[in-house]
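Chemist: Here it is: the structure, laid out below.
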Amino acid sequence: MCLRRIFRRLGGPDTAGTASGPPESSPLGWVDAGVYRAGSRAITIGGWRRLILGASVCVLGVGYLAVADPHDPDVLMPICPTKLVTGFDCPACGGLRLVHDLLHGQLRAAAHDNLFMLLCSPVLVYLIWRQARAIGRGEHTRVPGSLAYGLAGAALVWTVVRNLPGWPLTPIST
Ligand SMILES: [Zn+2]
């Protein structure tokens, strides 16, 4: 069936367009192009909104950590559910203290609070940047499988090691 007949059945004009696409005057072509453009714009705007929202949350969180010291138990900070229930440090325990330490240039204290996160911070920063770039483009991205499994395995080992009796690098509390 030729395109002219298809357009007639759809109630469109007699002009059928060319191989490069339907004509601008075609109702079907206009709808197709409109849906495509609207869809692309929606994804892009949605992506940027999410990116700005995420960046705002990060800036607020980092700003709070710059002025509030998580080492002080009297300062309002989220409580780790793993630590609360089991008494063991999870892989991320000490992470907020680590950010506070890094913001104040205290590398040694940062290593004490969470050595694993400190060593992984370049990878984490790269993954956050990669994710933010994808969101800004309206795309989806995944952490490469080998990297995800590698990080998960390392986090598991780190959890065991940091909870061994005598492990010297425990998160600092004042
Ligand atoms: Zn924890």
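Chemist: Which one is surrounded by the most Cβ atoms within 10 Å (Cβ to Cβ), of the residues in region 83-110 that are outside any helix (DSSP H, G or I) and either among the small types (Gly, Ala, Ser) or under 21 Å from the mean Cα position of the chain (by Cα) (or both)?
Modeler: In this case the residue turns out to be 94.
Chemist: On to the next question. Residue 80 fails exactly one of the following numbered conditions: (1) within 10 Å of the ligand (Cβ to nearest atom); (2) surrounded by 15 or more Cβ atoms within 10 Å (Cβ to Cβ); (3) free of Cβ contacts under 8 Å to residues at least 40 places away in the same chain; (4) within 20 Å of the chain's Cα centre (by Cα). What is the number of that condition?
Modeler: Tallying (1) within 10 Å of the ligand (Cβ to nearest atom); (2) surrounded by 15 or more Cβ atoms within 10 Å (Cβ to Cβ); (3) free of Cβ contacts under 8 Å to residues at least 40 places away in the same chain; (4) within 20 Å of the chain's Cα centre (by Cα), residue 80 fails exactly one: (4).
Chemist: Say whether the condition of being in contact (Cβ under 8 Å) with a residue 40 or more places away in the chain, surrounded by 13 or more Cβ atoms within 10 Å (Cβ to Cβ) and within 16 Å of the ligand (Cβ to nearest atom) is met by at least one residue in region 61-75.
Modeler: Among the residues of region 61-75, at least one is in contact (Cβ under 8 Å) with a residue 40 or more places away in the chain, surrounded by 13 or more Cβ atoms within 10 Å (Cβ to Cβ) and within 16 Å of the ligand (Cβ to nearest atom), which makes the answer yes.
Chemist: Can you tell me which of (1) more than 15 Å from the ligand (Cβ to nearest atom); (2) in a loop (DSSP other than H, G, I, E, B) is the one residue 131 doesn't meet?
Modeler: Evaluating residue 131 over (1) more than 15 Å from the ligand (Cβ to nearest atom); (2) in a loop (DSSP other than H, G, I, E, B) leaves (2) as the failure.
Chemist: Any residue in region 83-94 that is in contact (Cβ under 8 Å) with a residue 24 or more places away in the chain and within 6 Å of the ligand (Cβ to nearest atom) sitting within a Cβ distance under 8 Å of a residue that is among the hydrophobic types (A, V, I, L, M, F, W, C) and not in a loop (DSSP other than H, G, I, E, B)? List the pairs, counting only those 6 or more apart or interchain.
Modeler: So the pair list comes out as 92/117.
Throughout, read-outs are computed from the coordinates displayed, never taken from laboratory work. Not measured: the values here are computed from a predicted model. Cβ sites come from the backbone with ideal geometry, for glycine too, and all protein chains shown count toward neighbours.
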